[in-house]
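K.L.:
One structure follows; several queries about it will come next.
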Amino acid sequence: MTDRSAPVFARLPDLASRALAGSVVYANDELFAERENLIRPGRAVFSTEDFGHKGKTYDGWETRRRRETGNDYAVIRLGVPGRVHGVVIDTAWFIGNYPPFASVEATSVEGQLSPAELQQAEWVTLVEKSDIEGNTDNFFEVTDERRFTHVRLSIYPDGGAARFRVHGTPLPDPRFLTGTVDLAALEYGGDVVDCSNMFFSAPTNILLPGRSRQMDEGWEGARRRDSGNDHVTVRLGARGAIRRVEIDTSHYVGNAPGWAVLRGADATAGADLDDPSSWTELLPRTRLQPDARHFFRIGAGESVTHVRLDVYPDGGVARLRVHGEIDPATLVADTVAWLDALPEPHALQVLTTDGGLSRDEARKLLAERPFASPDVVPSAVIDALLAL
(Lines give C-alpha, C1' and ligand atoms only; values in the text may rest on other atoms or scores of the structure.)
Protein backbone atom coordinates (compact mmCIF):
# COMPACT_ATOMS: atom_id res chain seq x y z
CA MET A 1 0.00 0.00 0.00
CA THR A 2 1.42 3.39 -0.96
CA ASP A 3 1.67 5.69 2.04
CA ARG A 4 0.58 9.22 1.26
CA SER A 5 -0.16 12.09 3.58
CA ALA A 6 -3.91 12.65 3.53
CA PRO A 7 -5.12 16.15 2.62
CA VAL A 8 -7.06 18.28 5.06
CA PHE A 9 -10.43 17.38 3.54
CA ALA A 10 -9.94 13.72 4.52
CA ARG A 11 -10.49 14.73 8.16
CA LEU A 12 -14.10 15.68 7.34
CA PRO A 13 -16.95 13.16 7.72
CA ASP A 14 -17.39 10.57 5.00
CA LEU A 15 -20.89 11.51 3.81
CA ALA A 16 -21.19 8.28 1.80
CA SER A 17 -20.27 5.89 4.60
CA ARG A 18 -22.57 3.03 5.45
CA ALA A 19 -22.15 4.14 9.08
CA LEU A 20 -24.12 7.26 8.12
CA ALA A 21 -26.73 5.23 6.17
CA GLY A 22 -25.12 5.73 2.77
CA SER A 23 -26.05 3.24 0.07
CA VAL A 24 -24.75 2.14 -3.32
CA VAL A 25 -28.11 2.20 -5.07
CA TYR A 26 -26.91 0.99 -8.47
CA ALA A 27 -23.91 -0.30 -10.39
CA ASN A 28 -24.02 -1.28 -14.02
CA ASP A 29 -21.80 -4.30 -13.25
CA GLU A 30 -20.52 -6.04 -10.10
CA LEU A 31 -19.66 -9.50 -11.38
CA PHE A 32 -16.44 -10.04 -9.40
CA ALA A 33 -17.06 -8.03 -6.21
CA GLU A 34 -20.20 -6.36 -4.92
CA ARG A 35 -20.74 -2.64 -5.08
CA GLU A 36 -21.73 -2.24 -1.40
CA ASN A 37 -18.10 -2.81 -0.36
CA LEU A 38 -17.27 0.67 -1.68
CA ILE A 39 -18.81 2.43 1.32
CA ARG A 40 -17.99 0.00 4.13
CA PRO A 41 -16.21 1.63 7.10
CA GLY A 42 -12.61 0.64 7.65
CA ARG A 43 -9.81 -0.36 5.33
CA ALA A 44 -10.15 -3.17 2.82
CA VAL A 45 -8.74 -6.55 3.78
CA PHE A 46 -7.09 -9.14 1.55
CA SER A 47 -6.32 -12.84 1.68
CA THR A 48 -4.13 -14.57 -0.90
CA GLU A 49 -6.06 -17.81 -0.38
CA ASP A 50 -9.62 -16.47 -0.64
CA PHE A 51 -11.14 -17.58 -3.96
CA GLY A 52 -14.74 -18.06 -4.99
CA HIS A 53 -16.47 -19.55 -8.01
CA LYS A 54 -15.89 -16.27 -9.93
CA GLY A 55 -12.20 -16.12 -9.10
CA LYS A 56 -10.20 -14.09 -6.58
CA THR A 57 -12.34 -12.55 -3.86
CA TYR A 58 -11.81 -8.82 -3.34
CA ASP A 59 -13.01 -6.56 -0.56
CA GLY A 60 -14.19 -3.88 -2.96
CA TRP A 61 -16.22 -3.35 -6.13
CA GLU A 62 -14.97 -5.05 -9.27
CA THR A 63 -16.52 -5.34 -12.73
CA ARG A 64 -15.84 -7.82 -15.50
CA ARG A 65 -13.42 -7.08 -18.34
CA ARG A 66 -15.24 -5.00 -20.94
CA ARG A 67 -15.26 -6.25 -24.52
CA GLU A 68 -17.16 -3.26 -25.90
CA THR A 69 -16.96 0.52 -25.72
CA GLY A 70 -18.19 2.41 -22.69
CA ASN A 71 -17.33 2.49 -19.01
CA ASP A 72 -18.58 1.21 -15.67
CA TYR A 73 -20.08 3.24 -12.84
CA ALA A 74 -21.71 3.07 -9.43
CA VAL A 75 -24.28 5.48 -7.99
CA ILE A 76 -24.08 6.27 -4.27
CA ARG A 77 -26.81 7.91 -2.21
CA LEU A 78 -25.11 9.98 0.45
CA GLY A 79 -26.22 9.01 3.92
CA VAL A 80 -25.84 12.68 4.84
CA PRO A 81 -26.33 15.23 2.03
CA GLY A 82 -23.93 18.12 2.07
CA ARG A 83 -21.09 19.99 0.43
CA VAL A 84 -18.38 17.73 -0.94
CA HIS A 85 -14.84 18.97 -0.29
CA GLY A 86 -12.94 15.97 -1.60
CA VAL A 87 -13.13 12.31 -2.55
CA VAL A 88 -10.84 9.34 -2.12
CA ILE A 89 -10.81 6.51 -4.65
CA ASP A 90 -9.05 3.77 -2.72
CA THR A 91 -7.70 0.98 -4.92
CA ALA A 92 -6.14 -1.06 -2.10
CA TRP A 93 -5.08 -4.56 -3.26
CA PHE A 94 -6.15 -3.84 -6.85
CA ILE A 95 -2.90 -4.09 -8.81
CA GLY A 96 -3.48 -5.69 -12.20
CA ASN A 97 -7.20 -4.99 -12.21
CA TYR A 98 -7.64 -1.35 -11.21
CA PRO A 99 -9.14 1.20 -13.63
CA PRO A 100 -6.58 3.58 -15.15
CA PHE A 101 -9.00 6.51 -15.10
CA ALA A 102 -11.94 7.69 -13.02
CA SER A 103 -14.31 10.64 -12.70
CA VAL A 104 -16.92 11.69 -10.15
CA GLU A 105 -20.29 13.27 -10.82
CA ALA A 106 -23.02 14.48 -8.45
CA THR A 107 -26.68 15.44 -8.35
CA SER A 108 -29.22 16.78 -5.86
CA VAL A 109 -32.75 15.45 -5.86
CA GLU A 110 -35.86 15.57 -3.70
CA GLY A 111 -36.85 12.41 -1.85
CA GLN A 112 -35.76 8.86 -2.62
CA LEU A 113 -35.58 8.19 -6.35
CA SER A 114 -35.20 4.85 -8.08
CA PRO A 115 -32.05 4.08 -10.10
CA ALA A 116 -34.02 4.65 -13.30
CA GLU A 117 -35.21 8.06 -12.09
CA LEU A 118 -31.69 9.01 -11.05
CA GLN A 119 -30.53 8.32 -14.59
CA GLN A 120 -32.73 11.23 -15.71
CA ALA A 121 -31.43 13.65 -13.09
CA GLU A 122 -29.11 16.53 -13.93
CA TRP A 123 -25.55 15.46 -13.05
CA VAL A 124 -22.58 17.79 -12.71
CA THR A 125 -18.89 16.90 -12.71
CA LEU A 126 -16.99 17.16 -9.43
CA VAL A 127 -13.81 15.42 -10.61
CA GLU A 128 -12.89 15.38 -14.29
CA LYS A 129 -11.71 12.12 -15.87
CA SER A 130 -8.33 11.66 -14.22
CA ASP A 131 -5.50 9.17 -13.97
CA ILE A 132 -5.58 6.93 -10.91
CA GLU A 133 -3.09 4.44 -9.53
CA GLY A 134 -3.52 0.93 -8.22
CA ASN A 135 -3.14 -0.15 -4.60
CA THR A 136 -3.27 3.37 -3.21
CA ASP A 137 -5.49 6.19 -2.00
CA ASN A 138 -6.23 8.52 -4.89
CA PHE A 139 -7.17 11.94 -3.45
CA PHE A 140 -9.15 14.55 -5.38
CA GLU A 141 -10.15 17.94 -4.00
CA VAL A 142 -13.59 19.30 -4.92
CA THR A 143 -14.31 23.03 -5.12
CA ASP A 144 -18.04 23.01 -5.97
CA GLU A 145 -19.87 24.70 -3.07
CA ARG A 146 -23.31 23.28 -3.80
CA ARG A 147 -25.13 20.67 -1.72
CA PHE A 148 -25.57 17.20 -3.21
CA THR A 149 -27.56 14.10 -2.33
CA HIS A 150 -25.97 11.53 -4.70
CA VAL A 151 -22.58 10.95 -6.29
CA ARG A 152 -21.52 8.70 -9.15
CA LEU A 153 -18.13 7.02 -9.39
CA SER A 154 -17.27 6.38 -13.04
CA ILE A 155 -14.31 4.15 -13.90
CA TYR A 156 -12.73 3.82 -17.35
CA PRO A 157 -13.11 1.35 -18.85
CA ASP A 158 -13.55 -1.26 -16.09
CA GLY A 159 -11.81 -2.75 -13.05
CA GLY A 160 -12.03 -2.47 -9.31
CA ALA A 161 -11.87 -0.08 -6.37
CA ALA A 162 -11.79 -1.03 -2.71
CA ARG A 163 -13.39 2.00 -1.10
CA PHE A 164 -14.91 5.31 -2.18
CA ARG A 165 -14.90 8.10 0.39
CA VAL A 166 -16.87 11.32 -0.04
CA HIS A 167 -15.61 13.80 2.54
CA GLY A 168 -17.60 16.94 3.18
CA THR A 169 -19.72 19.13 5.40
CA PRO A 170 -23.21 17.94 6.30
CA LEU A 171 -25.95 20.35 5.26
CA PRO A 172 -29.21 18.98 6.65
CA ASP A 173 -32.65 19.76 5.29
CA PRO A 174 -34.13 22.39 7.68
CA ARG A 175 -37.66 21.17 6.96
CA PHE A 176 -36.83 18.23 9.24
CA LEU A 177 -35.15 20.24 11.99
CA THR A 178 -38.16 21.85 13.63
CA GLY A 179 -39.12 20.70 17.12
CA THR A 180 -36.71 18.72 19.29
CA VAL A 181 -33.72 17.18 17.49
CA ASP A 182 -30.30 15.79 18.42
CA LEU A 183 -28.26 18.97 18.14
CA ALA A 184 -24.99 17.03 18.39
CA ALA A 185 -25.75 14.49 15.65
CA LEU A 186 -23.11 14.30 12.95
CA GLU A 187 -25.85 14.00 10.34
CA TYR A 188 -27.18 17.41 11.44
CA GLY A 189 -23.77 19.07 11.31
CA GLY A 190 -22.38 18.28 14.76
CA ASP A 191 -18.64 17.68 14.98
CA VAL A 192 -15.86 17.09 17.49
CA VAL A 193 -13.54 20.09 17.77
CA ASP A 194 -11.36 19.00 20.70
CA CYS A 195 -10.51 15.74 22.44
CA SER A 196 -8.03 14.88 25.18
CA ASN A 197 -7.29 11.33 23.99
CA MET A 198 -8.42 9.06 21.18
CA PHE A 199 -6.03 6.15 21.60
CA PHE A 200 -8.44 3.29 20.94
CA SER A 201 -11.15 4.88 18.79
CA ALA A 202 -12.28 8.17 17.27
CA PRO A 203 -14.41 10.60 19.30
CA THR A 204 -16.64 11.38 16.31
CA ASN A 205 -18.10 7.88 16.76
CA ILE A 206 -20.22 9.18 19.65
CA LEU A 207 -22.11 11.40 17.18
CA LEU A 208 -23.01 8.62 14.71
CA PRO A 209 -26.62 7.53 14.19
CA GLY A 210 -27.96 4.32 15.70
CA ARG A 211 -26.61 2.18 18.51
CA SER A 212 -23.03 1.01 18.68
CA ARG A 213 -22.51 -2.73 18.23
CA GLN A 214 -19.14 -3.13 19.94
CA MET A 215 -16.48 -1.15 21.79
CA ASP A 216 -14.59 0.14 18.76
CA GLU A 217 -17.73 1.91 17.53
CA GLY A 218 -17.56 4.41 20.40
CA TRP A 219 -14.86 6.70 21.81
CA GLU A 220 -12.21 5.36 24.16
CA GLY A 221 -8.92 6.84 25.28
CA ALA A 222 -5.90 5.17 26.85
CA ARG A 223 -5.83 4.40 30.58
CA ARG A 224 -4.86 7.52 32.50
CA ARG A 225 -1.95 7.29 34.92
CA ASP A 226 -2.17 10.89 36.20
CA SER A 227 -4.60 13.01 38.17
CA GLY A 228 -6.43 14.45 35.15
CA ASN A 229 -9.49 13.33 33.21
CA ASP A 230 -10.53 12.87 29.61
CA HIS A 231 -12.90 15.15 27.74
CA VAL A 232 -14.41 15.83 24.33
CA THR A 233 -15.83 19.09 22.97
CA VAL A 234 -18.63 19.00 20.38
CA ARG A 235 -19.69 21.85 18.13
CA LEU A 236 -23.43 21.46 17.79
CA GLY A 237 -24.97 21.34 14.34
CA ALA A 238 -26.92 24.48 15.23
CA ARG A 239 -27.21 26.85 18.18
CA GLY A 240 -30.02 25.68 20.42
CA ALA A 241 -31.53 25.15 23.86
CA ILE A 242 -30.83 21.71 25.34
CA ARG A 243 -33.63 19.72 27.00
CA ARG A 244 -32.43 16.12 27.25
CA VAL A 245 -29.09 14.34 27.16
CA GLU A 246 -28.15 10.70 26.72
CA ILE A 247 -24.73 9.34 27.70
CA ASP A 248 -24.47 5.75 26.48
CA THR A 249 -21.73 3.43 27.78
CA SER A 250 -23.01 0.33 25.98
CA HIS A 251 -20.36 -2.41 25.55
CA TYR A 252 -17.96 -0.71 27.95
CA VAL A 253 -18.06 -3.14 30.87
CA GLY A 254 -14.72 -2.92 32.67
CA ASN A 255 -13.71 0.32 31.00
CA ALA A 256 -16.68 2.69 31.37
CA PRO A 257 -16.09 6.11 32.97
CA GLY A 258 -16.90 6.38 36.65
CA TRP A 259 -18.48 9.84 36.43
CA ALA A 260 -19.35 12.52 33.87
CA VAL A 261 -20.00 16.27 33.70
CA LEU A 262 -21.60 18.12 30.76
CA ARG A 263 -21.09 21.83 30.15
CA GLY A 264 -22.31 24.23 27.46
CA ALA A 265 -20.99 27.44 25.88
CA ASP A 266 -22.27 29.94 23.32
CA ALA A 267 -19.52 30.91 20.88
CA THR A 268 -21.83 33.38 19.11
CA ALA A 269 -21.89 35.44 22.30
CA GLY A 270 -18.11 35.74 22.27
CA ALA A 271 -17.38 32.81 24.59
CA ASP A 272 -13.73 31.74 24.63
CA LEU A 273 -13.85 27.94 24.60
CA ASP A 274 -10.40 27.82 26.21
CA ASP A 275 -11.63 29.87 29.16
CA PRO A 276 -13.24 27.66 31.86
CA SER A 277 -15.44 30.58 32.94
CA SER A 278 -17.16 30.55 29.52
CA TRP A 279 -18.75 27.20 30.25
CA THR A 280 -22.05 26.68 32.08
CA GLU A 281 -22.71 23.43 33.88
CA LEU A 282 -25.62 21.55 32.32
CA LEU A 283 -25.19 18.24 34.11
CA PRO A 284 -23.30 18.13 37.44
CA ARG A 285 -20.81 15.39 38.18
CA THR A 286 -22.91 12.24 37.95
CA ARG A 287 -22.16 8.58 38.52
CA LEU A 288 -22.17 6.40 35.39
CA GLN A 289 -22.74 2.66 35.17
CA PRO A 290 -21.01 0.26 32.76
CA ASP A 291 -22.83 -0.92 29.64
CA ALA A 292 -25.86 1.33 30.17
CA ARG A 293 -27.80 4.17 28.56
CA HIS A 294 -28.09 7.15 30.91
CA PHE A 295 -30.85 9.72 30.33
CA PHE A 296 -30.92 13.19 31.90
CA ARG A 297 -33.42 16.02 31.72
CA ILE A 298 -31.79 19.43 31.30
CA GLY A 299 -33.69 22.60 32.14
CA ALA A 300 -33.69 24.42 28.81
CA GLY A 301 -31.84 27.64 29.53
CA GLU A 302 -29.81 29.86 27.24
CA SER A 303 -28.95 28.53 23.81
CA VAL A 304 -25.45 27.13 23.30
CA THR A 305 -23.27 26.29 20.32
CA HIS A 306 -20.90 23.81 22.02
CA VAL A 307 -20.99 21.15 24.69
CA ARG A 308 -18.07 19.61 26.56
CA LEU A 309 -18.30 16.14 28.06
CA ASP A 310 -15.80 15.43 30.84
CA VAL A 311 -15.43 11.81 31.95
CA TYR A 312 -13.66 10.81 35.15
CA PRO A 313 -11.03 9.64 35.12
CA ASP A 314 -11.15 7.95 31.70
CA GLY A 315 -13.05 5.21 29.83
CA GLY A 316 -15.30 4.64 26.87
CA VAL A 317 -18.51 6.31 25.69
CA ALA A 318 -20.60 4.75 22.92
CA ARG A 319 -22.92 7.65 22.08
CA LEU A 320 -23.72 11.18 23.20
CA ARG A 321 -27.16 12.59 22.36
CA VAL A 322 -27.98 16.25 22.99
CA HIS A 323 -31.67 16.81 22.32
CA GLY A 324 -33.06 20.32 22.08
CA GLU A 325 -34.64 22.98 19.88
CA ILE A 326 -32.71 25.09 17.40
CA ASP A 327 -32.77 28.80 18.12
CA PRO A 328 -35.48 30.32 15.82
CA ALA A 329 -33.18 32.93 14.26
CA THR A 330 -30.53 30.26 13.68
CA LEU A 331 -33.03 27.97 11.99
CA VAL A 332 -34.09 30.77 9.62
CA ALA A 333 -30.47 31.56 8.76
CA ASP A 334 -29.71 27.88 8.21
CA THR A 335 -32.77 27.55 5.95
CA VAL A 336 -31.57 30.42 3.77
CA ALA A 337 -28.05 28.96 3.65
CA TRP A 338 -29.54 25.60 2.59
CA LEU A 339 -31.53 27.27 -0.21
CA ASP A 340 -28.37 29.06 -1.27
CA ALA A 341 -26.50 25.76 -1.62
CA LEU A 342 -29.11 23.75 -3.54
CA PRO A 343 -28.42 23.25 -7.27
CA GLU A 344 -31.01 25.20 -9.25
CA PRO A 345 -33.27 22.30 -10.38
CA HIS A 346 -33.62 21.09 -6.79
CA ALA A 347 -34.11 24.62 -5.43
CA LEU A 348 -36.85 25.29 -7.99
CA GLN A 349 -38.65 22.12 -6.97
CA VAL A 350 -38.45 23.00 -3.28
CA LEU A 351 -39.66 26.57 -3.72
CA THR A 352 -42.59 25.64 -5.96
CA THR A 353 -43.65 22.50 -4.09
CA ASP A 354 -43.13 23.54 -0.46
CA GLY A 355 -42.29 27.24 -0.63
CA GLY A 356 -45.57 28.43 -2.09
CA LEU A 357 -44.02 30.22 -5.09
CA SER A 358 -44.85 30.02 -8.75
CA ARG A 359 -42.08 28.89 -11.06
CA ASP A 360 -41.47 32.45 -12.25
CA GLU A 361 -41.37 33.75 -8.66
CA ALA A 362 -38.95 30.99 -7.71
CA ARG A 363 -36.65 31.77 -10.64
CA LYS A 364 -36.68 35.46 -9.72
CA LEU A 365 -35.74 34.67 -6.12
CA LEU A 366 -32.97 32.27 -7.14
CA ALA A 367 -31.52 34.93 -9.45
CA GLU A 368 -30.56 36.83 -6.29
CA ARG A 369 -28.26 34.04 -5.06
CA PRO A 370 -25.98 34.13 -3.22
CA PHE A 371 -28.35 35.70 -0.74
CA ALA A 372 -26.80 38.68 1.01
CA SER A 373 -28.78 38.07 4.20
CA PRO A 374 -31.65 35.91 5.50
CA ASP A 375 -34.01 38.85 4.94
CA VAL A 376 -33.73 38.41 1.16
CA VAL A 377 -35.96 35.32 1.33
CA PRO A 378 -39.57 36.35 2.12
CA SER A 379 -40.74 35.29 5.56
CA ALA A 380 -43.79 33.66 3.99
CA VAL A 381 -41.49 31.32 2.08
CA ILE A 382 -39.54 30.45 5.24
CA ASP A 383 -42.78 29.83 7.14
CA ALA A 384 -44.06 27.58 4.35
CA LEU A 385 -40.83 25.56 4.21
CA LEU A 386 -40.73 25.08 7.96
CA ALA A 387 -44.52 24.58 8.19
CA LEU A 388 -44.78 27.34 10.81
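The values are calculated or read from the model by the stated rules, or taken from the named source; none is laboratory data. Note that the structure is predicted; figures quoted are calculated from it, not measured. Here the Cβ is made from the backbone with ideal geometry for all residues, glycine too, and neighbour counts use every protein chain on show. These accessible areas exclude ligands, DNA and RNA; they are computed on the full protein's heavy atoms, side chains included. Shrake-Rupley method; radii C 1.70, N 1.55, O 1.52, S 1.80 Å.
K.L.:
For the stretch 35-40, just list the computed ³J(HN,Hα) in residue order, Karplus coefficients 6.51, -1.76 and 1.60, θ = phi - 60°, integers in Hz, with x standing in for Gly and Pro.
P.N.:
3J(HN,Hα) across the stretch 35-40, in whole Hz: 5, 4, 4, 4, 10, 5.
K.L.:
Let me ask another. From the phi of every residue in the stretch 89-104, what ³J(HN,Hα) in whole Hz does the Karplus formula 6.51 cos²θ - 1.76 cosθ + 1.60 yield, where θ is phi - 60° and glycine or proline is x?
P.N.:
Going residue by residue, I get 9, 8, 9, 3, 6, 8, 10, x, 9, 8, x, x, 9, 8, 9, 9 Hz, with x marking Gly and Pro.
K.L.:
Check which residues have an amide H placed less than 5 Å from residue 178's amide H, if you skip close sequence neighbours.
P.N.:
The list, which skips near neighbours in sequence, is empty: none.
K.L.:
Next question, about the same structure. Just the accessible area per residue of the chain, please: how many Å² with a 1.4 Å probe?
P.N.:
On a per-residue basis, 47 Å².
K.L.:
Here's another thing I want to ask about it. From the backbone phi of the stretch 141-147, what are the Karplus-calculated ³J(HN,Hα) couplings (6.51 cos²θ - 1.76 cosθ + 1.60, θ = phi - 60°) in whole Hz, Gly and Pro given as x?
P.N.:
Once rounded to whole Hz, the list reads 7, 10, 10, 5, 8, 7, 8.
K.L.:
How much mean residue ellipticity at 222 nm does the chain get from its helices, if each DSSP H run of length 4 or more adds -39500 (n - 2.57) and you divide by all residues, to the nearest 500 deg cm²/dmol?
P.N.:
-3000 deg cm²/dmol
K.L.:
Using a 1.4 Å probe on the protein heavy atoms, what percent of the accessible area of the stretch 110-151 belongs to carbon and sulfur?
P.N.:
The computed percentage sits at 41.
K.L.:
Can you give the longest run of the chain that contains no GluC sites (Glu not before Pro) sitting in a DSSP loop with at most 10 other Cβ atoms inside 10 Å?
P.N.:
Answer - 69-388.
K.L.:
Using a Förster radius of 25 Å, what is the FRET efficiency between residue 222 and residue 8 based on their Cβ-Cβ separation? Nearest 0.05, please.
P.N.:
0.45
K.L.:
Considering only protein heavy atoms and a probe of 1.4 Å, how much of the accessible area of the stretch 210-330 is carbon and sulfur, as a whole percent?
P.N.:
46
K.L.:
Additional query: In terms of the Cα gyration tensor, with a ≥ b ≥ c the square roots of its eigenvalues, is the stretch 145-252 rounded because a/c is under 1.5, prolate because a/b exceeds b/c, or oblate?
P.N.:
Judged from the Cα gyration tensor, the stretch 145-252 comes out oblate (a/c at least 1.5, b/c at or above a/b).
K.L.:
Check residue 259: other-chain or 5+ apart residues with amide H under 5 Å from its amide H, H built from backbone geometry?
P.N.:
Those lying under 5 Å, H to H, from residue 259 are 288, 312.
K.L.:
Any idea what the dipole of the chain comes to, in debye rounded to 20, about its Cα centre with Lys/Arg Cβ at +1 and Asp/Glu Cβ at -1?
P.N.:
820
K.L.:
Return the label of the correct value of mean projected area of the Cα convex hull in nm², as calculated from the structure shown, out of [x] 21.9; [y] 17.8; [z] 19.0.
P.N.:
Here the calculated entry is [x].
K.L.:
Most fluctuating residue of 25, 104, 151 in a GNM of the chain with Cα springs under 10 Å: which is it?
P.N.:
Comparing 25, 104, 151 in a Gaussian network model of the chain, the most mobile one is 25.
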